[in-house]
Amino acid sequence: ADELLDAIVKHEPHYLLSNPVSLRLAAHEQIRNPQRVMRIEQVLTLADRVDSSLRELVRETFGAKIVDRYSTVEFGFIAIQCPFHEHLHVVSPSVYVEILDENNQPCKVGEPGRVVITGLHTFAQPFLRYEQGDIAQWGEPCDAGISWPVIEEVHGRVRTISSSRDGKPRLVTLFGADFMLIRTITDYMVVKFSDSVAFIAQVKTPLTPAEQERIRKSMCEVFREEVNVHIRTTGEPLGERSYKAAELFIVDEPFDENMNIASIKDLIARTPQVFY
(Lines give C-alpha, C1' and ligand atoms only; values in the text may rest on other atoms or scores of the structure.)
Protein backbone atom coordinates (compact mmCIF):
# COMPACT_ATOMS: atom_id res chain seq x y z
CA ALA A 1 0.00 0.00 0.00
CA ASP A 2 2.79 2.45 0.82
CA GLU A 3 4.50 1.72 -2.52
CA LEU A 4 1.26 2.36 -4.42
CA LEU A 5 0.80 5.65 -2.54
CA ASP A 6 4.39 6.67 -3.32
CA ALA A 7 3.75 5.96 -7.03
CA ILE A 8 0.58 8.12 -6.97
CA VAL A 9 2.53 11.00 -5.40
CA LYS A 10 5.39 10.62 -7.90
CA HIS A 11 3.37 10.38 -11.12
CA GLU A 12 0.40 12.64 -10.17
CA PRO A 13 -2.08 10.72 -12.38
CA HIS A 14 -5.38 12.20 -13.51
CA TYR A 15 -6.70 8.65 -13.83
CA LEU A 16 -5.74 5.65 -11.73
CA LEU A 17 -6.51 2.00 -12.61
CA SER A 18 -6.55 -0.13 -9.45
CA ASN A 19 -7.87 -3.23 -7.74
CA PRO A 20 -10.38 -2.07 -5.07
CA VAL A 21 -8.65 -3.98 -2.27
CA SER A 22 -5.28 -2.35 -3.06
CA LEU A 23 -7.06 0.99 -3.39
CA ARG A 24 -8.63 0.65 0.06
CA LEU A 25 -5.28 -0.21 1.62
CA ALA A 26 -3.64 2.78 -0.10
CA ALA A 27 -6.38 5.09 1.18
CA HIS A 28 -5.88 3.86 4.75
CA GLU A 29 -2.12 4.36 4.32
CA GLN A 30 -2.80 7.95 3.19
CA ILE A 31 -4.86 8.50 6.35
CA ARG A 32 -2.10 7.08 8.56
CA ASN A 33 0.77 8.79 6.76
CA PRO A 34 -0.59 11.71 4.68
CA GLN A 35 1.19 12.46 1.39
CA ARG A 36 0.74 15.34 -1.06
CA VAL A 37 -1.62 13.61 -3.50
CA MET A 38 -2.76 15.80 -6.41
CA ARG A 39 -5.03 15.84 -9.45
CA ILE A 40 -6.71 12.43 -9.39
CA GLU A 41 -10.02 12.86 -11.23
CA GLN A 42 -11.21 9.28 -11.50
CA VAL A 43 -10.20 5.88 -10.19
CA LEU A 44 -11.07 3.07 -12.61
CA THR A 45 -11.60 -0.17 -10.71
CA LEU A 46 -11.64 -3.79 -11.80
CA ALA A 47 -11.29 -7.36 -10.54
CA ASP A 48 -12.93 -6.91 -7.15
CA ARG A 49 -15.85 -5.49 -5.23
CA VAL A 50 -16.65 -1.78 -4.90
CA ASP A 51 -19.10 -0.66 -2.21
CA SER A 52 -20.38 2.70 -0.96
CA SER A 53 -17.87 2.83 1.89
CA LEU A 54 -14.95 2.54 -0.56
CA ARG A 55 -16.42 5.23 -2.82
CA GLU A 56 -16.74 7.60 0.14
CA LEU A 57 -13.26 6.72 1.41
CA VAL A 58 -11.70 7.50 -1.99
CA ARG A 59 -13.65 10.77 -2.31
CA GLU A 60 -12.54 11.93 1.14
CA THR A 61 -8.94 10.71 0.84
CA PHE A 62 -8.05 11.42 -2.78
CA GLY A 63 -10.90 13.69 -3.95
CA ALA A 64 -11.59 11.24 -6.76
CA LYS A 65 -14.65 9.52 -8.20
CA ILE A 66 -14.65 5.75 -8.63
CA VAL A 67 -15.81 4.48 -12.03
CA ASP A 68 -16.41 0.75 -11.79
CA ARG A 69 -17.10 -2.05 -14.22
CA TYR A 70 -18.11 -5.70 -13.75
CA SER A 71 -16.25 -8.04 -16.07
CA THR A 72 -14.80 -11.53 -16.37
CA VAL A 73 -12.38 -13.40 -18.59
CA GLU A 74 -15.23 -15.55 -19.91
CA PHE A 75 -17.58 -12.73 -20.95
CA GLY A 76 -15.65 -9.49 -21.03
CA PHE A 77 -17.79 -6.58 -19.85
CA ILE A 78 -20.91 -7.74 -17.99
CA ALA A 79 -21.98 -4.36 -16.60
CA ILE A 80 -20.58 -0.83 -16.60
CA GLN A 81 -21.19 2.07 -14.25
CA CYS A 82 -23.98 4.50 -15.09
CA PRO A 83 -22.65 7.94 -16.14
CA PHE A 84 -25.25 9.60 -13.89
CA HIS A 85 -25.40 7.27 -10.88
CA GLU A 86 -23.20 4.76 -9.04
CA HIS A 87 -25.17 1.66 -10.04
CA LEU A 88 -24.17 -0.61 -12.94
CA HIS A 89 -25.94 -1.27 -16.24
CA VAL A 90 -25.89 -4.77 -17.77
CA VAL A 91 -24.35 -4.68 -21.26
CA SER A 92 -27.47 -6.26 -22.75
CA PRO A 93 -26.26 -6.59 -26.37
CA SER A 94 -23.37 -8.74 -25.14
CA VAL A 95 -24.69 -10.81 -22.19
CA TYR A 96 -27.95 -12.02 -20.68
CA VAL A 97 -27.82 -11.89 -16.88
CA GLU A 98 -30.00 -13.72 -14.38
CA ILE A 99 -29.91 -13.31 -10.59
CA LEU A 100 -31.41 -16.40 -8.95
CA ASP A 101 -32.39 -17.40 -5.41
CA GLU A 102 -31.67 -20.73 -3.71
CA ASN A 103 -34.66 -22.27 -5.55
CA ASN A 104 -33.36 -21.08 -8.95
CA GLN A 105 -36.12 -18.49 -9.16
CA PRO A 106 -35.50 -14.90 -10.33
CA CYS A 107 -34.69 -12.53 -7.49
CA LYS A 108 -36.70 -9.36 -6.93
CA VAL A 109 -35.19 -5.88 -6.84
CA GLY A 110 -32.96 -5.53 -3.78
CA GLU A 111 -32.81 -9.29 -3.13
CA PRO A 112 -29.28 -10.76 -3.32
CA GLY A 113 -28.87 -13.88 -5.44
CA ARG A 114 -26.51 -15.97 -7.55
CA VAL A 115 -25.30 -14.48 -10.84
CA VAL A 116 -25.96 -16.70 -13.87
CA ILE A 117 -24.82 -15.49 -17.30
CA THR A 118 -25.39 -16.45 -20.92
CA GLY A 119 -22.99 -14.99 -23.47
CA LEU A 120 -24.50 -13.61 -26.67
CA HIS A 121 -21.32 -13.41 -28.74
CA THR A 122 -19.31 -16.59 -28.05
CA PHE A 123 -20.77 -18.78 -30.78
CA ALA A 124 -17.76 -21.08 -31.19
CA GLN A 125 -17.74 -22.03 -27.50
CA PRO A 126 -20.95 -20.68 -25.96
CA PHE A 127 -21.56 -20.29 -22.23
CA LEU A 128 -25.19 -21.02 -21.48
CA ARG A 129 -26.52 -20.15 -18.00
CA TYR A 130 -23.02 -20.17 -16.53
CA GLU A 131 -23.02 -19.75 -12.75
CA GLN A 132 -20.50 -17.02 -12.16
CA GLY A 133 -19.86 -17.68 -8.46
CA ASP A 134 -20.86 -14.10 -7.58
CA ILE A 135 -23.68 -12.64 -5.51
CA ALA A 136 -25.46 -9.52 -6.80
CA GLN A 137 -28.82 -7.78 -6.65
CA TRP A 138 -31.03 -5.91 -9.10
CA GLY A 139 -31.88 -2.24 -8.72
CA GLU A 140 -34.82 -0.10 -9.77
CA PRO A 141 -34.89 1.08 -13.40
CA CYS A 142 -32.55 4.01 -14.07
CA ASP A 143 -34.24 7.43 -13.94
CA ALA A 144 -31.70 8.81 -16.44
CA GLY A 145 -33.43 7.06 -19.32
CA ILE A 146 -30.87 4.27 -19.82
CA SER A 147 -32.87 1.11 -20.53
CA TRP A 148 -30.19 -1.52 -19.82
CA PRO A 149 -31.01 -3.49 -16.61
CA VAL A 150 -29.66 -2.03 -13.38
CA ILE A 151 -27.42 -4.01 -11.02
CA GLU A 152 -27.64 -2.12 -7.75
CA GLU A 153 -24.74 -3.92 -6.12
CA VAL A 154 -22.30 -6.74 -6.80
CA HIS A 155 -21.58 -8.29 -3.43
CA GLY A 156 -18.73 -10.29 -4.95
CA ARG A 157 -17.10 -13.45 -3.71
CA VAL A 158 -15.33 -14.09 -0.47
CA ARG A 159 -12.03 -12.26 -0.54
CA THR A 160 -9.48 -12.31 2.25
CA ILE A 161 -6.97 -9.95 3.76
CA SER A 162 -4.45 -11.57 6.07
CA SER A 163 -2.52 -9.78 8.80
CA SER A 164 1.22 -10.45 8.76
CA ARG A 165 3.40 -10.78 11.85
CA ASP A 166 4.12 -7.05 11.76
CA GLY A 167 0.38 -6.36 11.93
CA LYS A 168 0.08 -4.94 8.41
CA PRO A 169 -2.90 -6.07 6.31
CA ARG A 170 -1.97 -7.87 3.09
CA LEU A 171 -4.12 -8.91 0.17
CA VAL A 172 -3.65 -12.64 -0.35
CA THR A 173 -4.21 -14.15 -3.77
CA LEU A 174 -3.53 -17.68 -4.99
CA PHE A 175 -3.62 -16.68 -8.66
CA GLY A 176 -0.42 -17.85 -10.34
CA ALA A 177 0.97 -19.53 -7.20
CA ASP A 178 3.71 -22.08 -7.90
CA PHE A 179 1.89 -25.03 -6.31
CA MET A 180 -0.70 -24.88 -9.11
CA LEU A 181 1.94 -26.35 -11.44
CA ILE A 182 2.05 -29.61 -9.45
CA ARG A 183 0.07 -31.87 -11.78
CA THR A 184 -0.98 -34.45 -9.22
CA ILE A 185 -3.09 -31.80 -7.41
CA THR A 186 -6.61 -31.71 -8.82
CA ASP A 187 -8.29 -29.47 -6.21
CA TYR A 188 -7.18 -27.53 -3.16
CA MET A 189 -8.16 -25.30 -0.22
CA VAL A 190 -5.89 -22.98 1.77
CA VAL A 191 -6.80 -22.12 5.36
CA LYS A 192 -4.86 -19.39 7.19
CA PHE A 193 -4.88 -20.02 10.95
CA SER A 194 -3.56 -17.52 13.50
CA ASP A 195 -0.25 -19.40 13.77
CA SER A 196 0.11 -21.35 10.53
CA VAL A 197 -1.41 -22.40 7.21
CA ALA A 198 -3.28 -25.60 6.34
CA PHE A 199 -2.96 -26.72 2.71
CA ILE A 200 -5.65 -29.25 1.78
CA ALA A 201 -5.43 -31.01 -1.57
CA GLN A 202 -7.18 -33.64 -3.60
CA VAL A 203 -4.40 -35.57 -5.32
CA LYS A 204 -4.16 -38.27 -7.98
CA THR A 205 -1.03 -39.76 -6.40
CA PRO A 206 0.66 -39.14 -3.03
CA LEU A 207 2.80 -36.03 -2.85
CA THR A 208 6.54 -36.61 -2.91
CA PRO A 209 8.79 -34.90 -0.32
CA ALA A 210 9.96 -32.52 -3.07
CA GLU A 211 6.36 -31.61 -3.95
CA GLN A 212 5.52 -31.03 -0.29
CA GLU A 213 8.52 -28.73 0.05
CA ARG A 214 7.42 -26.91 -3.09
CA ILE A 215 3.99 -26.33 -1.52
CA ARG A 216 5.58 -24.99 1.67
CA LYS A 217 7.73 -22.53 -0.28
CA SER A 218 4.73 -21.52 -2.38
CA MET A 219 2.68 -20.73 0.74
CA CYS A 220 5.49 -18.54 2.06
CA GLU A 221 5.47 -16.67 -1.25
CA VAL A 222 1.68 -16.31 -1.19
CA PHE A 223 1.64 -14.84 2.33
CA ARG A 224 4.96 -13.02 1.77
CA GLU A 225 6.49 -14.24 5.03
CA GLU A 226 7.71 -17.47 6.60
CA VAL A 227 4.72 -19.57 7.66
CA ASN A 228 4.34 -23.05 9.11
CA VAL A 229 2.45 -25.20 6.62
CA HIS A 230 0.37 -28.28 7.49
CA ILE A 231 -0.44 -30.43 4.45
CA ARG A 232 -3.47 -32.71 4.34
CA THR A 233 -4.28 -34.77 1.23
CA THR A 234 -7.05 -37.04 0.02
CA GLY A 235 -8.02 -38.86 -3.12
CA GLU A 236 -11.66 -37.86 -2.67
CA PRO A 237 -13.29 -34.65 -3.98
CA LEU A 238 -13.14 -31.75 -1.54
CA GLY A 239 -16.74 -30.77 -2.28
CA GLU A 240 -19.02 -29.48 -5.00
CA ARG A 241 -17.01 -26.34 -5.74
CA SER A 242 -16.09 -24.84 -9.07
CA TYR A 243 -12.86 -22.90 -9.42
CA LYS A 244 -15.00 -19.77 -9.06
CA ALA A 245 -15.87 -20.71 -5.48
CA ALA A 246 -13.91 -19.67 -2.41
CA GLU A 247 -10.54 -21.37 -2.10
CA LEU A 248 -8.88 -19.29 0.60
CA PHE A 249 -10.19 -18.99 4.16
CA ILE A 250 -9.15 -17.15 7.33
CA VAL A 251 -9.62 -18.74 10.78
CA ASP A 252 -8.69 -16.62 13.79
CA GLU A 253 -7.46 -19.41 16.04
CA PRO A 254 -4.39 -21.68 16.25
CA PHE A 255 -4.07 -24.88 14.26
CA ASP A 256 -4.61 -28.18 16.09
CA GLU A 257 -2.22 -30.92 14.98
CA ASN A 258 -5.00 -33.50 15.46
CA MET A 259 -7.25 -31.85 12.88
CA ASN A 260 -8.06 -33.80 9.73
CA ILE A 261 -9.69 -32.57 6.54
CA ALA A 262 -13.23 -33.14 7.82
CA SER A 263 -12.65 -31.21 11.04
CA ILE A 264 -10.97 -28.34 9.19
CA LYS A 265 -13.88 -28.07 6.75
CA ASP A 266 -16.32 -28.16 9.66
CA LEU A 267 -14.42 -25.30 11.32
CA ILE A 268 -14.53 -23.28 8.09
CA ALA A 269 -18.29 -23.81 7.85
CA ARG A 270 -18.68 -22.36 11.36
CA THR A 271 -16.41 -19.37 10.73
CA PRO A 272 -17.95 -16.36 8.94
CA GLN A 273 -15.80 -15.13 6.07
CA VAL A 274 -15.54 -11.43 5.20
CA PHE A 275 -16.54 -9.87 1.87
CA TYR A 276 -14.01 -7.46 0.38
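The values are calculated or read from the model by the stated rules, or taken from the named source; none is laboratory data. For clarity, every value in this text was computed on a predicted model and none was experimentally measured. Every residue, glycine as well, gets a Cβ built from its backbone with ideal geometry; the counts of neighbours run over all protein chains shown. To get the accessible areas, we keep the full protein, side chains included, count just its heavy atoms, and leave off ligands, DNA and RNA. Shrake-Rupley method; radii C 1.70, N 1.55, O 1.52, S 1.80 Å.
Among the strands (runs of 3 or more DSSP E) contained in region 52-103, which hold 2 or more residues that are among the hydrophobic types (A, V, I, L, M, F, W, C), under 22 Å from residue 141 (Cα atoms) and open to solvent by 30 Å² or more (accessible area, probe 1.4 Å)?
Values: elements: 65-72, 76-81, 88-90, 95-100.
Once the strands (runs of 3 or more DSSP E) in region 52-103 are filtered for at least 2 residues that are among the hydrophobic types (A, V, I, L, M, F, W, C), under 22 Å from residue 141 (Cα atoms) and open to solvent by 30 Å² or more (accessible area, probe 1.4 Å), what remains is 76-81.
Does any residue in region 42-70 that is farther than 10 Å from residue 16 by Cβ come within less than 7 Å, Cβ to Cβ, of a residue that is β-branched (Val, Ile, Thr) and surrounded by fewer than 20 Cβ atoms within 10 Å (Cβ to Cβ) six or more places away or on a different chain, and which pairs are these?
These pairs meet every condition: 61/31; 63/40; 69/80.
Return the residues of region 231-247 that are closer than 23 Å to residue 205 by Cα and modelled with pLDDT under 90; say none if nothing qualifies.
The first filter runs over region 231-247 and keeps only residues closer than 23 Å to residue 205 by Cα, leaving 231-243, 247.
If the condition is that a residue be closer than 23 Å to residue 205 by Cα and modelled with pLDDT under 90, then 237, 238, 239, 240, 241, 242, 243, 247 are the ones that fit.
From 98, 131, 102, 152, grab the single residue that is of a type outside the set (S, T, N, Q) and under 20 Å from residue 84 (Cα atoms).
152
Just to be sure I understand the filter: pairs with C-beta atoms under 8 Å, separated by 6 or more residues or on different chains, first member in region 27-41 and farther than 18 Å from residue 54 by Cα, second member at pLDDT below 85 and surrounded by fewer than 18 Cβ atoms within 10 Å (Cβ to Cβ). Which pairs pass?
Sorted first by the residue in region 27-41, then by its partner, the pairs are 33/2.
Specify which of the listed residues (212, 202) is among the polar types (S, T, N, Q), within 24 Å of residue 165 (Cβ to Cβ) and either open to solvent by less than 70 Å² (accessible area, probe 1.4 Å) or assigned to a loop (DSSP other than H, G, I, E, B) (or both).
Step by step, each of 212, 202 is checked, and only 212 is among the polar types (S, T, N, Q), within 24 Å of residue 165 (Cβ to Cβ) and either open to solvent by less than 70 Å² (accessible area, probe 1.4 Å) or assigned to a loop (DSSP other than H, G, I, E, B) (or both).
Within region 15-30, is even one residue more than 21 Å from residue 136 (Cβ to Cβ) and among the basic types (Lys, Arg)?
No: zero hits.
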